[in-house]
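*Asks:* Sending over a structure as structure tokens; questions will come in a sec.
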Amino acid sequence: MELGPPGGSGPAEPGPRLRGLRGADAAASASSLSRFGAEAGCRAPAVAAVLPAGGSGERMGVPTPKQFCPILERPLISYTLQALERVSWIKDIIVAVTRENMETMKGIIQRYQHKRISLVEAGVTRHRSIFNGLKALAEDQPNCRLSKPEVVIIHDAVRPFVEEDVLLKVVTAAQEHGCSDYDLEFGTECLHLALKYSHIKAKLVEGSPDLWKVTYKRDLYAAESIIKERISQKVCVVMDTKEDEEHVGHCLEEMLKTELNHVKVTSGQDLQQIILEQCYNFVCVNVMTSDFEETQRLLNMLEESNLSILYPVVVISVHFLDYESVPLGQKMEKVMQIREFAKEAKKRNILLSGLLIYFPQEEQKLRESLRQGTTIISALIKERNSGLIGQLLVA
Ligand SMILES: Nc1ccn([C@@H]2O[C@H](COP(=O)(O)OP(=O)(O)OP(=O)(O)O)[C@@H](O)[C@H]2O)c(=O)n1
Ligand SMILES: O=P(O)(O)OC[C@@H](O)[C@@H](O)[C@@H](O)CO
């Protein structure tokens, strides 16, 4: 049964420290299934998901099976797990992986703190892998923590962009079906099996184009672009500016709003809240405080929050250069400390780079350098190029 979401919005929720949000999401999500139950005049069914992840990805043409290929340094399957995990009414998620990849999979679950996951051994065909997952759910074993579901969602581990509403539609349409040995060996389409063996009619639920399957190498690039776009939708400008200099920070914020069309640019008055709301891009303007005081404060808060567990967070430390009062060499020497900060930040999946903006007295010239700075900031956020970590760019 293949699923398709009606257009993805923001990224799925990140790290475990963001409990407030997770709780709110969970409540909304649970109520959506109960609402469905109430509308259908019955109680909501118990739902589990089986993810076949035992393929070798021959068509991808790389040695690593595609479900383990990295996208922004995180394995593809982790994105799919994240998308399913945030649907609170899916009680268990069973992943079928080959014996040789079992340890890799356990490592992924641990590193990205996935929850409600059980592993089973994959079979030689996709249907066999799915069947093994279903068996694990059906078995009555003494210490088995899995509860028997009434509906099982089958979802390829290599379709990362699945959304709750289409899952809900599929659950409403789901019916029981069984498979023969022949189909387990030679079939590919689940729908075909459901139609052939189900005594009640199967229903095809239309999905969105976002639900395509990662099959070829180019699909990895496409998935990466989609993820980058999703996490670039919010930018927070953190300013330490006061009085006179406040003007500069606000100019920069205004220009960013124009440059990053459709992107929500907010100022970092309540940083904790902005981090909780999963903003993955920060422009930290250091005007009053010399060097990196403001940037460091932000880095500490990010570390506390665990925001960067699932997605890389971009931080751009902005500094102003007024070389009528401070000689260029002296300023550069101080700002070059960015390299050390960036090295540390990288360990926590924070991509830190520096931007030195020329600060002339003349308003027109100042606006020009701010505009250039804005273009650089926009590129750093959209590209998330780890090659630019620790670099000091000059506008
Ligand atoms: N024996 C198998 C074969 C496939 N799959 C899974 O089924 C999904 C969809 O299959 P497909 O795209 O065909 O994956 P691969 O078989 O890995 O790819 P290829 O056909 O290119 O080798 C993937 O998540 C894949 O890991 C599985 O669980 N067990
Ligand atoms: O081998 P293909 O890439 O054409 O298709 C694989 C699909 O059959 C499989 O992923 C399920 O979506 C079908 O139910």
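FYI, it's all coordinate maths here, none of it is from the lab. This structure is a prediction, so every number in the text was calculated from the model and none was measured. Positions of Cβ are backbone-derived with ideal geometry, glycine not excepted, and every protein chain shown enters the neighbour counts.
*Asks:* What do you get for GluC sites (Glu not before Pro) in the stretch 249-350 restricted to DSSP loop and a cutoff of at most 13 other Cβ within 10 Å of the site's Cβ? Working shown, then result.
*Replies:* Numbers: sites: E253, E254, E259, E277, E293, E294, E303, E304, E324, E333, E340, E344; in loops: E277, E324.
Here the sparse-neighbourhood loop sites are E324.
*Asks:* Rounded to the nearest 20 Debye, what is the dipole magnitude of the stretch 218-360 about its Cα centre when Lys and Arg each give +1 and Asp and Glu each give -1 at the C-beta?
*Replies:* Details: 15 positive and 23 negative charges, 153 e Å.
Dipole about the Cα centre, nearest 20: 740 debye.
*Asks:* From the backbone phi of the stretch 258-263, what are the Karplus-calculated ³J(HN,Hα) couplings (6.51 cos²θ - 1.76 cosθ + 1.60, θ = phi - 60°) in whole Hz, Gly and Pro given as x?
*Replies:* Once θ is set to phi - 60°, the couplings for the stretch 258-263 become 6, 5, 8, 3, 6, 9 Hz.
*Asks:* Please list, in chain and number order, the residues 5+ apart from V235 or on another chain whose amide H is under 5 Å from its amide H, with Hs placed from the backbone.
*Replies:* Amide H neighbours of V235, under 5 Å, 5+ apart: K264, V265, T266.
*Asks:* Taking the beta-carbon count within 10 Å as an exposure proxy, list R74, R159, R99 from fewest neighbours to most.
*Replies:* Going from sparsest to densest Cβ surroundings: R99, R74, R159.
*Asks:* What does the extension gain come out to for T104 and K217, with contour length at 0.36 nm per residue minus their alpha carbon separation?
*Replies:* Details: separation 113, 0.36 × 113 = 40.68 nm, distance 2.10 nm.
Full extension of this stretch gives 38.6 nm more.
*Asks:* Let me ask something additional. Testing the spin-label approximation: label points 7 Å from Cα along Cα→Cβ at K382 and E206. State their distance in nm.
*Replies:* A separation of 3.2 nm, rounded to one decimal place.
*Asks:* May I pose another question? Rounded to whole Hz and in sequence order, give me ³J(HN,Hα) for the stretch 229-234 from the Karplus expression 6.51 cos²θ - 1.76 cosθ + 1.60, θ = phi - 60°, writing x for Gly and Pro.
*Replies:* 5, 4, 8, 9, 7, 10
*Asks:* Write down the Kirkwood hydrodynamic radius of the stretch 232-394, to one decimal in angstroms, obtained as one divided by the mean of 1/r over all alpha carbon pairs. Present the calculation step by step, with values, prior to reporting the outcome.
*Replies:* On the way: mean 1/r = 0.0641 Å⁻¹.
About 15.6 Å, per the Kirkwood formula over Cα pairs.
*Asks:* Apply the Karplus curve 6.51 cos²θ - 1.76 cosθ + 1.60, θ = phi - 60°, to the phi angles in the stretch 219-225 and return the couplings in whole Hz, x for Gly and Pro.
*Replies:* Rounded to whole hertz, the list is 5, 5, 5, 5, 4, 4, 4.
*Asks:* Around L393, which amide H atoms from residues at least 5 apart in sequence, or from another chain, sit under 5 Å from its own amide H, with H modelled in the peptide plane?
*Replies:* G354, L355, L356
*Asks:* Continuing with this model, one more query. Among D219, D92, what is the fewest-to-most ranking by other Cβ atoms within 10 Å? Write out the running numbers ahead of the final one.
*Replies:* Values: D219 18, D92 21.
Taking fewest neighbouring Cβ atoms as first place, the list is D219, D92.
*Asks:* Test of understanding: ordering M301, M102 by Cβ neighbours within 10 Å, fewest first, what list do you get? Show your work: numbers first, answer last.
*Replies:* Details: M301 17, M102 14.
If I rank by nearby Cβ atoms, fewest first, I get M102, M301.
*Asks:* Okay, moving on. Which cross-chain or sequence-distant (5 or more) residues have an amide H under 5 Å from the amide H of V50, H modelled 1.01 Å from N in plane?
*Replies:* Residues meeting the criterion, in which the H sits 1.01 Å from N, are I94, I153, I154, H155.
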